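Engineer: Dropping the structure in here first, questions after.
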Amino acid sequence: MSTESTTATELPVLDDDPFGTAILTDPYDFHQRLRDAGPVVFLPRYEVYAMGRHEHVHASLVDWETFVSSRGAGLTDFQKEKPWRPPSLLLESDPPDHTAVRTVMGSVISPRTVRGLRTQFQAEADALVDALIERETIDAVTDLAEVYPLKVFPDAVGLPADGRHNLIPYGALAFNAFGPHNALLESAMESAAAVQEWIWSSCQREALTDSGFGADIWAAADRGEVSQEQAPLLVRSLLSAGVDTTVYGIANTMYALAQNPAEWELLHREPNLAKFAFDEALRCESPVQTFFRTSSRSKTVGGYDIPADAKVLLFLGSANRDPRKWGESADEYRITRSGGGHVAFGMGVHQCVGQPIARLEAEIVLGALARKVKRIELVDPPTPRLNNTLKGWAAIPLRLIAR
């Protein structure tokens, strides 16, 4: 393809609806057509520019000065429309504003604090796995992927015990809101008032325990590292991003392992591969499929012009299966693959600050399961859970065979 600049009207055009039921359920054929069409494609249904190749998605995530987050990580342009909630200080801001809060969160979720969680996380995982083995037939979503993160992560934050069930519908709302105002978003908003009220009240100092990530954020506010007004917004960022992506990631890993019995057999023999099993599922079955950016200035990408003030849709899930990066086996799940470079947690200054906790949770609970369960089998076909941003399952019926 020529590297000379072309006009926007000469861009490859795809008429697909990436937020329609068919693509949200199974996006991979569309992803291939998106990558094959070119480095940049125009989607007239939403008047957005799109990228699906790893090289260009990665470069755009890193280039925060051109592809900004402060105008919204969703379809809505905050410069033109009012956000549905106060913007996230982490996900929907750019340096220098982003730098101060990112620094605080990096100290709160430090390697030392994450290491300190291992013993308690392990105890909870062992107890849960033992109970699931007794049942034999389980739902890998509602009995495992939701139960474990909804226990250990809110404990680590210091959330009250009552009302934690609100975290799942709130996450569904937050991630659906990155897409268009469609039926998925309307459904998520039906119970939004009560859910948001619980979330906001739980982010306040008096609702949190005296120790935990929440208390650490408020302590940073007391030291003047962030403002008192910013503290509850930072706690909220943990609640909207620290649960759903982990739930989806663990469930997607279980689905991938159930679909690939040889990979489970390998994991059972070598449970220390659990962190790699999770990482490969992040790549192959990416929980976060898309994020938007807004172009602050015109930019030529792969020979095509993206004008200033345009919404740009980055397909993380497509980039993570790009054969240009991962070879001809890009669509295959292999836990021994060297998966470094995937963009499931983003990249650059906006890379997910909570990913060390998600990785720890997954490593521990998947490792506990792999040590004690010889084989897993799908009992019935899984049920998809549709979301404008996330890809995952509402139910994965499994049989656990321990002997």
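The values are calculated or read from the model by the stated rules, or taken from the named source; none is laboratory data. Not measured: the values here are computed from a predicted model. Heads up, the Cβs are rebuilt from the backbone with ideal geometry, glycines too, and the neighbour counts pull from every protein chain shown. Just so you know, the surface numbers come from the protein's heavy atoms only, side chains and all, with ligands and any DNA or RNA stripped out. Shrake-Rupley method; radii C 1.70, N 1.55, O 1.52, S 1.80 Å.
Engineer: Residues with beta-carbon under 13 Å from that of Ala402, excluding Ala402: net charge, scoring Lys, Arg +1 and Asp, Glu -1? Kindly include the intermediate steps, with their values, before the conclusion.
Structural biologist: Working: positive: Arg135, Arg371, Lys372, Lys374, Arg375, Arg399, Arg403; negative: Asp130, Glu134, Glu136, Glu377.
Around Ala402, the charge tally is +3.
Engineer: Expressed in nm to one decimal, what extension gain is obtained for the pair Glu197 and Gln351 from 0.36 nm per residue of sequence separation less their Cα-Cα distance? All intermediate terms of the calculation are to be shown ahead of the outcome.
Structural biologist: Working: separation 154, 0.36 × 154 = 55.44 nm, distance 2.78 nm.
My answer for the length gained is 52.7 nm.
Engineer: Take the solvent-accessible surface of the protein heavy atoms, probe 1.4 Å, and return the percent of it on the chain that carbon and sulfur atoms account for. Write down the numbers at each step before the final one.
Structural biologist: On the way: 8420 of 16550 Å².
After summing per-atom areas, the C and S share lands at 51 percent.
Engineer: Too long at a 21 Å Cα-Cα cut-off: which of Lys275/Lys374; Lys275/Lys372; Lys82/Lys391; Lys82/Lys299?
Structural biologist: Details: Lys275/Lys374 18 Å; Lys275/Lys372 16 Å; Lys82/Lys391 27 Å; Lys82/Lys299 26 Å.
Where the Cα-Cα span goes over 21 Å, the pairs concerned are Lys82/Lys391; Lys82/Lys299.
Engineer: Another one. Using a basic spin-label model with each label point 7 Å from the Cα along Cα→Cβ, how many nm lie between Ser329 and Glu136?
Structural biologist: Going from the Ser329 label point to the Glu136 one covers 3.6 nm.
Engineer: Mind running the shape call on the range 76-229? Use the C-alpha gyration tensor, a ≥ b ≥ c as the square roots of the eigenvalues: rounded below 1.5 for a/c, prolate if a/b tops b/c, oblate otherwise. Let's see the in-between values first.
Structural biologist: Values: a/c = 2.04, a/b = 1.18, b/c = 1.73.
Cα axes put the range 76-229 in the oblate bin.
Engineer: Okay, next question. What ranking, highest mean first, results for peptides 255-262, 66-73 when packing means the other Cβ atoms within 10 Å averaged over each residue?
Structural biologist: 66-73, 255-262
Engineer: What is the chain by shape, rounded, prolate or oblate, if you read a ≥ b ≥ c off the alpha carbon gyration tensor as root eigenvalues and call it rounded for a/c under 1.5, prolate for a/b larger than b/c, and oblate otherwise?
Structural biologist: Cα axes put the chain in the oblate bin.
Engineer: Of the options Phe78, Gly106, Pro27, report the single residue whose Cα projects farthest towards the positive end of the charge dipole of the chain (beta-carbon charges: Lys, Arg +1; Asp, Glu -1).
Structural biologist: With unit charges placed on the Cβ atoms, the residue in question is Gly106.
Engineer: Normalised by the number of residues in the range 1-106, what is the relative contact order in percent for Cα pairs under 8 Å and 6+ residues apart? Could you put the intermediate results ahead of the total?
Structural biologist: Working: 83 pairs, mean separation 17.6, N = 106.
Reported as a whole number, the value is 17 percent.
Engineer: How large is the dipole of the range 62-132 about the Cα centre if only Lys and Arg carry +1 and Asp and Glu carry -1, each at its Cβ, rounded to the nearest 20 debye?
Structural biologist: In total the dipole reaches around 200 debye.
Engineer: Summing Lys, Arg as +1 and Asp, Glu as -1, what charge do residues with Cβ under 12 Å from the Cβ of Arg283 carry, Arg283 excluded?
Structural biologist: Overall, the nearby charge balance is -2.
Engineer: Related question: What do you reckon, how do Arg371, Arg102 stack up by accessible area (1.4 Å probe), largest on top?
Structural biologist: So the residues, ranked largest to smallest area, are Arg371, Arg102.
Engineer: What number comes out for the charge environment of Ile335, summing +1 per Lys or Arg and -1 per Asp or Glu over other residues with Cβ under 14 Å away?
Structural biologist: Within the 14 Å Cβ shell, the charges total -3.
Engineer: Nearest 0.05, what FRET efficiency do Glu229 and Asp63 give at R0 = 30 Å with Cβ-Cβ as r?
Structural biologist: Details: r = 30 Å, r/R0 = 0.99.
Result of the calculation: an efficiency of 0.50.
Engineer: Put a dot 7 Å past each Cα toward the Cβ at Asp17 and Ala123; how far apart are the dots in nm?
Structural biologist: The modelled label-to-label distance comes out at 5.1 nm.
Engineer: Let me ask something additional. Counting pairs of alpha carbon atoms under 8 Å apart in space and at least six apart in sequence, what relative contact order in percent does the chain give?
Structural biologist: 27 percent
Engineer: Just how large is the dipole of the chain about the Cα centre, in debye to the nearest 20, putting +1 at every Lys and Arg Cβ and -1 at every Asp and Glu Cβ?
Structural biologist: 740 debye
Engineer: Just want to confirm a number: the relative contact order over the range 46-168, from Cα pairs under 8 angstrom separated by 6+ residues, in percent.
Structural biologist: 13 percent
Engineer: Still on this model: If packing is taken as the average number of other Cβ atoms within 10 Å across a peptide's residues, how do 265-271, 86-92, 219-225, 315-321 rank, most packed first?
Structural biologist: Taking the mean over residues of other Cβ atoms within 10 Å, the ranking is 315-321, 86-92, 265-271, 219-225.
Engineer: Name the residues of the range 332-369 whose amide N is less than 16 Å from a point 7 angstrom out from the Cα of Thr113 along the C-beta direction?
Structural biologist: Under cut-off, by backbone N: 352-361.
Engineer: Order of 272-281, 26-35 by packing, highest average Cβ count within 10 Å first?
Structural biologist: Taking the mean over residues of other Cβ atoms within 10 Å, the ranking is 272-281, 26-35.
Engineer: May I ask you to rank Arg53, Arg385 by accessible area, largest first, using a 1.4 Å probe over the protein chains only?
Structural biologist: Working: Arg53 40, Arg385 65 Å².
If we order Arg53, Arg385 from most to least accessible, we get Arg385, Arg53.
Engineer: Considering only protein heavy atoms, what per residue accessible area in square angstrom results for the range 1-132 with a 1.4 angstrom probe?
Structural biologist: 49 Å²
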